[in-house]
Amino acid sequence: MTSYLHDAEPIPGTTIFDGKMAIKGYALNKMCYSFNDAEGREAFLADEEAYCDKFGLNEEQKAAIRNRNVLDMIKAGGNIYYLAKFAGIFGLGVQDVGAQQTGMTVEAFKDMLVEAGR
Amino acid sequence: MAQIIGGITTSHIPAIGNAISKELFDDPYWVPFFEGYPPVRDWLADSKPDVAIVIYNDHGLNFFLDKLPTFAVGAAPEYHNADEGWGLATLDPYPGDPELSWHVIESLVADEFDITSCQEMKVDHGFTVPMSLFWPNRKEVGIKTIPVCINTVQHPLPSPSRCYRLGQAIGRAIESYDKDLKVVVLGTGGLSHQLDGERAGFINKEFDLMCMEKIVSDPEALTGYSIHDIVRLAGAQGTELILWLAMRGALTGTVSKLHGNYHIPISNTASGLLLLENAA
């Protein structure tokens, strides 16, 4: 019986959100979870730094949030399901987030997806 | 006795919910997706199931990382939708069937699946989008639901093999229920997609089409994959294939495919639809 936990072969461009990442990203993910509620989104927009501090984000996480940099958020332990709620505050969907992470324009990213169907 | 009349798989991408609320059914982007659904709705209208077991994954609405069950089963009189952070309109509650839920829970635990029971459970797009696709008229029909939530957020995820066996145990649970109910099992999510990392946008058509064939004719062929294999072959969120496998496990009779559709892309995802009939 094989388990991915024992499979050391990394998958390029992919972070497995395991226990190690869950420990690292807990504060960041907890803040993003709070964005399910409109009050959380409004409080963040009213004072970003104070809101990050309230959840105990570290400097790396705060910088990633400040720079709106999704890859840095993932490195800092962010889980994409919660980060999607952060992106939602700015009206960004998964294709905008995909474009940012791959360094493509949103149009080029969408074209790549269409191409995958051919 | 209760009887499982069939299983249905469908993608559950949030953008679909948005397209439904905006009624984009004739939009050229959406036509190849929505045109797959009328045959399923016709079958549901003819076969009239009483209960839908909805096997899905929560995306951070009901569960956070503070307490994250591997398998959770709803046992509520009704299930509420809520804002997932995008400010979309909240959908009306979904009626449950607590008596059947508790039967399933008791049966699963007796079968050594130690699940988490939930007398309150908010349901997100993984649950609501398929319900909207299959039962746009759900209030007239009065379909009851039992959400079965499988963790795909926090690794370790349960293996494909384990999820298939969970489905088999759900099948045994339903078939040992002493009320004459018709039950349909939904497996939502999939197919290949990846939202995170430099590999975002990854899609694997060949693997998806193989899965859509094997899940009908030879599901056990898919149970040999590890979660790591599926991340590699179908993308980080392609692991939702385990939800399809759990659905398929519950179909313990003679299974035949009545309808299918596959389309790339919807949002970042290869969307798949299958209607399977389960004959006793």
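Some points to look at:
- Given charges at beta-carbon only (K, R positive; D, E negative), |dipole| of the range B:3-279 in Debye: 300
- Each peptide in B:183-193, B:88-98 receives the mean, over its residues, of other Cβ atoms within 10 Å, and ordering these scores from highest gives B:183-193, B:88-98.
- The B:Lys205 and B:Ala89 beta-carbon pair, evaluated with R₀ = 30 Å, returns a calculated FRET efficiency of approximately 0.35.
- Among A:Glu49, A:Glu59, A:Glu107, the largest mean-square fluctuation in a Gaussian network model of chain A (Cα springs under 10 Å) belongs to A:Glu107.
- Per-residue average of Cβ from other chains inside 10 Å of A:16-22: 4
- Taking every C-alpha pair closer than 8 Å and separated by at least 6 residues, the mean separation divided by the residue count of chain B gives a relative contact order of 32 percent.
- Label-to-label distance for B:Ser176 and A:Ala108 is 5.8 nm, based on points extended 7 Å past Cα in the beta-carbon direction.
- Accessible surface ranking that places the most exposed of B:His103, B:His12 first, with a 1.4 angstrom probe: B:His103, B:His12
- Both radii were evaluated on the Cα set of the range A:17-91; the Rg over Rh quotient, with Rh as the Kirkwood radius, amounts to 0.92.
- Quotient of the Cα radius of gyration of the range B:167-271 and 2.2 N^0.38 Å, N being its number of residues: 1.16.
- Chains A and B together bury roughly 3800 Å² of accessible surface, counting both sides and using a 1.4 Å probe on protein heavy atoms.
- Ratio Rg/Rh, restricted to the range B:3-279 and using Cα atoms, in which Rh is the Kirkwood radius: 0.92
- Debye, to nearest 20: dipole size of the protein assembly as shown, +1 on Lys, Arg Cβ, -1 on Asp, Glu Cβ: 340
- Spin-label model, B:Glu106/A:Ala46: points 7 Å from Cα along the beta carbon direction are separated by 5.0 nm.
- Based on the reciprocal of the average 1/r between different C-alpha atoms, the Kirkwood radius for the protein assembly as shown equals 21.2 Å.
- Estimated FRET transfer efficiency (B:Ala221, A:Lys54; beta-carbon r; R0 41 Å; 0.05): 0.25
- Placing unit charges on the Cβ atoms only, positive for Lys and Arg and negative for Asp and Glu, gives chain A a dipole magnitude near 120 debye about its Cα centre.
- Value of [θ]222 nm, deg cm²/dmol, for the protein assembly as shown, DSSP H segments ≥ 4, -39500 (n - 2.57) each, nearest 500: -12500 deg cm²/dmol
The values are calculated or read from the model by the stated rules, or taken from the named source; none is laboratory data. As the structure is a computational prediction, the values presented were derived from the model and not from experiment. Glycine also receives a Cβ, built like all others from the backbone with ideal geometry; neighbour counts cover every protein chain displayed. These area figures cover heavy atoms from the full protein model, side chains too; ligands, DNA and RNA do not enter into them. Shrake-Rupley method; radii C 1.70, N 1.55, O 1.52, S 1.80 Å.
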